[in-house]
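Structure first, commentary second.
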Amino acid sequence: MKKRKKQPYDVAAYIWPSYTGDEPRTRMFWPEGNGEWQTVQKATAKYPGHAWPRRPLWGYCNEADPYVMEMQINAAADHGVNVFIYDWYWYDDRPFLEQCLNNGYLKARNNDRVKFYLMWANHDVTHGWDKRIAHIENNIIWQGAVDRGQFETIAHRLIDRYFHHPSYYTIAGKPVFMIYDAQRLVHGLGGVARTAEAFVWFREQAVKAGLPGLHLQLTSWGANNLNLSGVDAGACATPSENVKIMGFDSQTHYQMVHFTHIDRDYAAIIPDMVKEWELMDKSYNIPYFPHVSVGWDNNPRFQTFRPGVVKNNTPEQFRKALELARDYADRHPGQPPLITINSWNEWTETSYLQPDDLNGYGYLEAVKAVFTVKHS
């Protein structure tokens, strides 16, 4: 068999692992038993010209089915997406929504074609996933913060179950693990200094397990938006200093909605995206990996209209953003050529690469054109 030529870029798409009914606790949000596909199926237009409903060309597949994931892995790899970043959850002393990863991707016979790593989505959970009552504010069901004991339980699970897998994505041989909410993390562990201590312990456990260490990645919510006031009493360190104290190795973003005004044309958002990359690069002494979102519109999750909709995020405009991300990676030859994309399948936030009945395979074709075709 001819050996596959390595792609020069690592193009990583986030996976929201809710499109399965295999996790019993999802029934409280989506009682029909097919995960958040229930919300996608019932989505309707909220105003004249609103581009909903949108329907997946692949159908409402159970993404915890390994045969489904084999098809999706092939589609991703064929179009230049060679890493999946799985949202990973821990609530009420146990994992949540692991089935898409454990039963789908990890049992897929071709998972060597697309690597994976985990982002601990350690945010609080409200009824935002339940369209019937999503409008209710501040009703926390599960808290994302954990204490040191829970942190250690989580760390051992990650090391034992995932970090040794041959398809786990590494940087300098070290498994990459991303953390979504620094404030929740620090709150649970008792401050920046104690978070740093927990990270030292985490790295030590990885080495004891035969790994060369860990690469800890932070999800940025904006270059100047690491607000730990009220978490560390009297703390006055800058965001950059706090990131350094805690010991993160790199940063990227999860969604452009976290750092810019989103209710406008995609072409107008692109310059702000580039400015954010430049600010991240200038403000921190760890690598920043450029992020591109397909779009934003979370109206499928609500009964009534919610402002904040990206306009004209066509595959052509998305391709322009990807080209800029590729150029950023080319200008930083000293760091891995990693680009993150939101997302593979965030249908209810309208930011997905999967083909639909509006743009077909357009977004995937844009990725393929930018990252798999040789450029001079």
Counting only DSSP loop positions in region 263-305, the chymotrypsin sites (Phe, Trp or Tyr not before Pro) whose Cβ has at most 14 other Cβ atoms within 10 Å are PHE305
Rounded to the nearest Å, the spacing of the alpha-carbon centers of region 148-227 and region 30-95 is 26 Å
Given 20-27, 194-201, 130-137, the highest-first ranking by average Cβ count within 10 Å works out to 194-201, 20-27, 130-137
Given backbone amide H placed at 1.01 Å from N, residues whose amide H is under 5 Å from that of ASP10, ignoring those fewer than 5 places away on the same chain, are LEU338, ILE339
When SER167, SER351 are arranged by how many other beta-carbons sit within 10 Å of their Cβ, fewest first, they go SER167, SER351
Checked against a 26 Å limit on the C-alpha separation, the offending pairs among LYS275/LYS311; LYS115/LYS311; LYS46/LYS131; LYS42/LYS115; LYS42/LYS368; LYS115/LYS368 are LYS115/LYS311; LYS42/LYS115; LYS42/LYS368
With +1 at each Lys and Arg Cβ and -1 at each Asp and Glu Cβ, the charge dipole magnitude of region 329-375 around its Cα centre, to the nearest 20 debye, comes out at 360 debye
Rounded to the nearest 5, the percent of antiparallel DSSP beta bridges in the chain equals 20 percent
Ranked output for segments 251-258, 168-175, 31-38, 46-53 by mean other Cβ atoms within 10 Å, highest leading, reads 251-258, 31-38, 168-175, 46-53
Taking placed amide H atoms and a strict 5 Å upper bound, the residues 5 or more places from PHE96 or on another chain that come that close are TYR89, TRP90, TYR91
Restricting to Cα pairs under 8 Å and 6 or more apart, the percent relative contact order of the chain works out to 19 percent
To the nearest 0.05, the calculated FRET efficiency linking ARG157 and LYS275 through their beta-carbon distance, R0 being 56 Å, is 0.90
For 142-152, 86-96, ranked highest to lowest by mean beta-carbon neighbours within 10 Å, the order is 86-96, 142-152
Partner aspartates and glutamates whose C-alpha sits under 15 Å from that of LYS320, ignoring same-chain residues fewer than 8 away, are ASP265, ASP272, GLU365
Summing -39500 (n - 2.57) over every DSSP H run of at least 4 residues in the chain and dividing by its residue count gives a helix-only mean residue ellipticity at 222 nm, to the nearest 500 deg cm²/dmol, of -9000 deg cm²/dmol
Under the Karplus relation with 6.51, -1.76 and 1.60 and θ = phi - 60°, whole-Hz ³J(HN,Hα) for region 108-114, x at Gly and Pro, equal 6, 6, 10, 6, 6, 7, 10
Per its Cα gyration tensor (rounded if a/c is under 1.5, else prolate when a/b beats b/c, else oblate), the chain is best filed as rounded
Among the DSSP H helices of the chain, those whose Cα atoms extend at least 20 Å along the helix axis and whose mean Kyte-Doolittle hydropathy is 0.0 or higher are 192-208
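No value in this document is a laboratory result; all are computed from the given coordinates. Nothing here was measured: the structure is a model prediction, and the numbers come from that model. Glycine also receives a Cβ, built like all others from the backbone with ideal geometry; neighbour counts cover every protein chain displayed.
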